[in-house]
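Participant: Below is a structure I'd like to ask you about.
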Amino acid sequence: MTAGGRFITFEGIDGSGKSTQIRSLADSLRVAGYDVVLTREPGGSPGAEEIRRLVLEGDPDRWSAETEILLFTAARRDHLERTILPALARGQIVLCDRFADSTRMYQGLSRGDLRDVVDQLHTLMIGREPDLTILIDMDPAIGLARAKSRETAEERFEDFGQALQEQMRAGFLALAREFPDRFRKIDGAQGIDAVAADILAIVEAELA
Ligand code: ADP
Ligand code: TYD
């Protein structure tokens with residue numbers, strides 16, 4: 001276990017506003033005097049960023065779900081060793097855009113029930129859950145429209161379409177019920193400032 005720091009993750013479907021909100025939270029916490037590390041998955045360390053390109057670009061059927069579990073977990077292990085655990089040991093607040101809950105959903109649910117495989121590999125290779133997880137809940141039609149408007153090459157998962165996003169939304173809500181101690185659900189349909197205020201209030205209460 002790590003002493004000192006606090007590990008906070010953001011989860012939700014594509015286009016739910018995670019990247020926008022995590023940056024806003026980092027700014028607010030820094031103004032309040034906290035030492036913040038802002039990071040993301042897949043990625044967050046040089047090796048994991050290389051794996052990011054392998055999993056997020058190309059055809060939707062480029063990898064099987066099983067291979068993806070291994071790739072995302074390999075990226076996560078590197079990120080954990082080189083970025084997250086050292087920052088927590090220094091007493092920093094780590095804000096991470098997606099973490100293992102995304103693998104539980106995207107690889108564990110989308111192409112058959114592989115949740116148990118995801119959890120077993122997580123126990124074996126990662127063994128760390130966040131202290132707090134902010135779930136931004138969002139209508140997939142709006143989320144997908146927002147995500148598509150970004151026009152990046154990283155569209156492999158967005159290309160699975162709205163049905164997948166519907167399944168992911170329901171899955172994340174179920175996950176929040178499964179881990180009520182660390183999950184907090186936010187209504188992502190509000191304006192950017194209202195969502196930010198909700199998140200800041202929850203995180204300030206957690207840090208107090
Ligand atoms: P995610 O990281 O969850 O995929 P982003 O933060 O990248 O989502 O947001 C996707 C797009 O939607 C961006 O263009 C962003 O500016 C816009 N956006 C984010 N939050 C809101 C909001 N509350 N209302 C309207 N647009 C938003
Ligand atoms: P991200 O960059 O957060 O995309 P977005 O801003 O659109 O939400 O994540 C990229 C994609 O990677 C996203 O579609 C979800 C997917 N993903 C997985 O499938 N498994 C994982 O373990 C992680 C971390 C992400």
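Each reported figure results from applying straightforward, stated rules to the coordinates on display, with no laboratory input. Model, not experiment: these values are computed from the prediction. Glycine gets a Cβ as well: all are built from the backbone with ideal geometry, and neighbour counts include every protein chain shown.
Participant: According to a simple spin-label model (label point 7 Å from Cα along Cα-to-Cβ), what is the distance in nm between residue 208 and residue 145?
Facilitator: Spacing of the two 7 Å Cα→Cβ label points: 3.7 nm.
Participant: Continuing with this model, one more query. So what is the calculated 222 nm ellipticity per residue for the chain, using -39500 (n - 2.57) for each DSSP H run with n of 4 or more, over all residues, to the nearest 500 deg cm²/dmol?
Facilitator: Details: 9 runs with 105 residues, N = 208.
Value at 222 nm, helices only: -15500 deg cm²/dmol.
Participant: For the chain, what's the relative contact order in percent, using C-alpha pairs closer than 8 Å and at least 6 residues apart?
Facilitator: Numbers: 322 pairs, mean separation 66.6, N = 208.
Contact order relative to length: 32 percent.
Participant: For the pair residue 30/residue 113, report the inter-label distance in nm, with labels modelled 7 Å from Cα in the Cβ direction.
Facilitator: If labels sit at residue 30 and residue 113, their model points lie 4.5 nm apart.
Participant: How large is the direction-averaged shadow of the alpha-carbon convex hull of the chain, in nm²?
Facilitator: Details: hull surface 42.7 nm².
About 10.7 nm², averaged over all directions.
Participant: Which residue, 11, 41, 50, tops the fluctuation ranking in a GNM of the chain built on C-alpha contacts under 10 Å?
Facilitator: 50
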